[in-house]
Amino acid sequence: MKYDVVIVGGGLLGQFAALELLSRGYRVAIVERDILCSGSCSKSTGIMTRQLVLRADIIFAQRSIDIITKMEKEYGEHFLRRTGFLTLSPISRVTKRLELIYRSVGVEYKLLEPHEIKELWETVIVGDNEIGIYTEGDGMLNTGSLSYRIKKEIERSGGSILERCGETSLIADGKYVVRVISDNDECSLYGDLFILDVGVDTASIFTRSFGRTPEPEQLLFKCQSASVDLGGEYGIPIIYDGKNHLYIAPETKRRAIVGDGPCKIARDQNDIAPDREILIETLDKLPERLAGSERSHIIGITSHVCGTTPDFLPVIGRDSVYENLYIAYGLSSYGTMRSPYLGVEIAKMVNGSKIDPLLKILSPRSSKGLGTCEEIHTPII
Ligand SMILES: Cc1cc2nc3c(=O)[nH]c(=O)nc-3n(C[C@H](O)[C@H](O)[C@H](O)COP(=O)(O)OP(=O)(O)OC[C@H]3O[C@@H](n4cnc5c(N)ncnc54)[C@H](O)[C@@H]3O)c2cc1C
């Protein structure tokens, strides 16, 4: 069977790319090792916030929220729980630069004084020398229900979703990729164009297929979070604690997902076991932000690997050797919030249409810098 576009990897980015290509009339197949959204996508806390460091990332997250909002209207379903996102930071760190970026991008935000924060969320502990930045439209994406809806839409539009394919490799002939081969023969397909985004496995499939590593190199670090019973009822937004580098994302009034803090380089993509010391160190800081939370206890741990690059920017673009291969990796721990927009943009690249000029900074490039995982997945300002 031959397709116009074969997408290897059924994470959110691959799924959004498939939807966009189908709407442009392409015959599309997704080849997925397990089931759609079973990689990092299923582990994600789902936080979507515009409170990020880079102007480009703020825009990617904003556009992704726009895409989700449009889908919610179209399907009459809710995918993004708009809890709001509150960063608590020393006043000195709130720079004019951030305000300029927000104004230029059109992100609505509020600067909240300590007394205003205490009035809104009485259980939140805030210092007199701190300030809150509040973005009301941010929240938590339900990746499972979104992926389920997209799957239905892909099938309705005539796309093929091949799941439980096992390991997959790409086969090239000269300057073109011609087919994918998988453990499951039913997933071995020919195609004219290929998109490769298998999350943290991308570099290993690339190397296995082509005998060279992708540029820039893919670095891996542990991404983990704990589901916590807070020991009482709290009505809070997602809180990012700029002092202790942890986020508290409310699941219910009594439960929250807590994550971040120090981070650790992973040995390889199979190094998914949680690092309890890191989690415990992170959770120890919780009572500094939530009054009464010393009664909290962990009820579950989610751990996986996240992929980045030496310059911490994702890679989205056409491979430097194979002219019909488009590749994406290094979405780091911001992948859920970046994926809807970047999925649509990679589809536009494949189609040869005009793309967002900001994507230029994400083109394949040489590896520079050393790269550490310090502060990499903290939406600091
Ligand atoms: C604990 C945790 C919390 C996180 N929290 C957030 C958050 O709050 N906000 C946020 O924005 N991001 C968050 N992330 C990051 C986010 O989940 C990832 O950045 C994002 O899912 C990466 O998307 P992807 O499409 O590149 O990879 P994936 O989501 O992993 O998708 C890749 C797909 O490819 C498949 N695959 C793998 N190998 C093969 C193969 N050989 N052949 C075919 N298919 C294959 C996988 O099964 C998977 O379905 C979190 C991650 C973790 C682990």
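Throughout, read-outs are computed from the coordinates displayed, never taken from laboratory work. Note that the structure is predicted; figures quoted are calculated from it, not measured. We place every Cβ from the backbone using ideal geometry, glycine too, and count neighbours over all the protein chains shown.
So, R0 is 25 Å and r is the distance between the beta-carbons of GLU217 and LYS175; what FRET efficiency does that work out to, to 0.05?
0.65
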Choice from GLU116, GLU251, GLU32 with maximal GNM fluctuation in the chain (Cα, 10 Å cutoff): GLU116
Residues LYS110 and SER353, FRET efficiency given R0 of 35 Å [Cβ-Cβ distance, rounded to 0.05]: 0.40
The chain - mean residue ellipticity at 222 nm from DSSP helices (-39,500 (n - 2.57) per run, n ≥ 4, rounded to 500): -8000 deg cm²/dmol
Per DSSP, loop trypsin sites (Lys or Arg not before Pro) in segment 103-198 with at most 11 further Cβ within 10 Å: LYS175
Cα→Cβ-extended label distance, 7 Å offset, between ARG82 and THR252, nm: 2.5 nm
Principal axis dimensions, the chain - Cα atoms, whole angstrom, descending: 64, 40, 37
Cα-based shape type of segment 219-263, given that a ≥ b ≥ c are square roots of the gyration tensor eigenvalues and the cut on a/c is 1.5: prolate
Hz values of 3J(HN,Hα) by residue in segment 149-163 - Karplus curve (6.51, -1.76, 1.60), Gly and Pro given as x: 5, 5, 4, 4, 5, 4, 5, 4, 8, x, x, 9, 10, 10, 10
Expected-Rg normalisation [2.2 N^0.38 Å, Cα atoms] applied to segment 148-294: 1.46
Chain lengthening between GLU136 and ASP185 when straightened (0.36 nm per residue, less Cα-Cα): 12.8 nm
Contact order normalised by residue count of segment 256-329, Cα under 8 Å, 6+ apart, percent: 25 percent
Whole-Å distance, taken between Cα centres, linking segment 201-224 and segment 113-172: 25 Å
Hz values of 3J(HN,Hα) by residue in segment 279-293 - Karplus curve (6.51, -1.76, 1.60), Gly and Pro given as x: 5, 5, 4, 5, 5, 4, 7, 3, x, 6, 10, 10, 4, x, 7
Most fluctuating residue given options LEU325, LEU112, LEU12, as computed from a GNM of the chain linking Cα atoms under 10 Å: LEU112
Relative contact order computed over the chain (Cα-Cα under 8 Å; 6+ residues apart), in percent: 23 percent
Candidate lysines for bridging to LYS348, where Cα separation is under 16 Å - those fewer than 8 sequence places away on the same chain excluded: LYS360
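If the chain between THR207 and SER363 were fully stretched, how many nm would it gain, using 0.36 nm times the residue separation less the Cα-Cα distance?
Working: separation 156, 0.36 × 156 = 56.16 nm, distance 1.86 nm.
Working it through step by step, the gained length comes to 54.3 nm.
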Per-residue ³J(HN,Hα) for segment 332-348, Karplus 6.51 cos²θ - 1.76 cosθ + 1.60, θ = phi - 60°, Hz, x for Gly and Pro: 6, 8, 10, x, 5, 6, 8, 4, x, 5, 5, x, 5, 5, 5, 5, 5
Amide H contacts under 5 Å for CYS263, placed H, 5+ residues apart: GLU375
Residues with amide H under 5 Å from that of ILE161, placed H, sequence gap 5 or more: ILE30
Rounded to the nearest 20 debye, dipole of the chain from Cβ charges on Lys, Arg, Asp, Glu: 760 debye
Leading residue at positive end of dipole, segment 107-167 (Cβ point charges), from LEU162, SER145, LEU112: LEU162
Label point 7 Å beyond Cα of SER145 along Cβ direction - residues of segment 52-76 with amide nitrogen under 20 Å: 64-76
Most mobile of ALA347, ALA273, ALA226 in a GNM of the chain (Cα contacts under 10 Å): ALA273
